[in-house]
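Shown next, in structure tokens, is the structure this report addresses.
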Amino acid sequence: MADPRALRNKRLENEHKELMAINGEIIRIQPLGMPPHDTYRVTFNVRTIVHPQPVYRDRTVCLLQLPPSYPEGTPKITANDKPYPFHVNWFQSGTWCHGRWNREESLANFLHRCARTLQFDPGITNLGSPANGEAKQFWLDNVGNKAVIPCDTQELPTLDLPETIIINPLKIQQIAIIPDKEHHVVFKNANKITIF
């Protein structure tokens, strides 16, 4: 049986590589402490709303912390700067309410979802579980106002995928996964093509 600590450390190493792959101008990621890293300072250079007037800010610095039980335990993102994001899925204490944690989700995707809430992206906002009731009302009052929501439309960094990933190297009804220009995934085998 594999040592749980060794598995966690390997996961942290792999997560670190993926985080560094999306590290850039829009999402700046700085590991803290010694490897394997379980704490990062993350600077989101996206426009967000911090007050219902609305008042905007173009940069939010956060701390990403992974508990000792990660990946079973949930990562935590907390904003360092006040005023905190004024969003239905951000607690007034500055902690992001990310919804249900799935241990199979990568940290790169986790940060991507967080950035989308900061952008006030309607596709990611969860009104069914508000962390901030006042911000929920603000959302409801402004969701049809394109000048307010979304407040930032920058394209966020994503992980680059190789052109083709071969799932079955034995050539028995071979399947290939090919990302297209719109970031859809195309599954091809001998009989059909499926696009997601």
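Structure above, values below:
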item: Positions within the range 100-145 being assigned to a loop (DSSP other than H, G, I, E, B) and in contact (Cβ under 8 Å) with a residue 60 or more places away in the chain, in sequence order; result: 106, 119, 120
item: Where a residue in the range 51-63 is under 27 Å from residue 31 (Cα atoms) and its partner, wherever it lies, is surrounded by 13 or more Cβ atoms within 10 Å (Cβ to Cβ) and of a type in the set (Phe, Trp, Tyr), with Cβ under 6 Å and at least six apart; result: 60/44
item: Sole exception among (1) without any contact (Cβ under 8 Å) to a residue 40 or more places away in the chain; (2) loosely packed, with under 15 Cβ neighbours inside 10 Å; (3) not polar (S, T, N, Q) for residue 77, by number; result: (2)
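Every read-out reported here was derived from the displayed coordinates using simple, explicitly stated rules and does not represent laboratory data. Keep in mind the model is a prediction, meaning the values are calculated, not measured. Methodologically, a virtual Cβ is constructed for each residue, glycine included, from the backbone with ideal geometry; neighbour enumeration extends over all protein chains shown.
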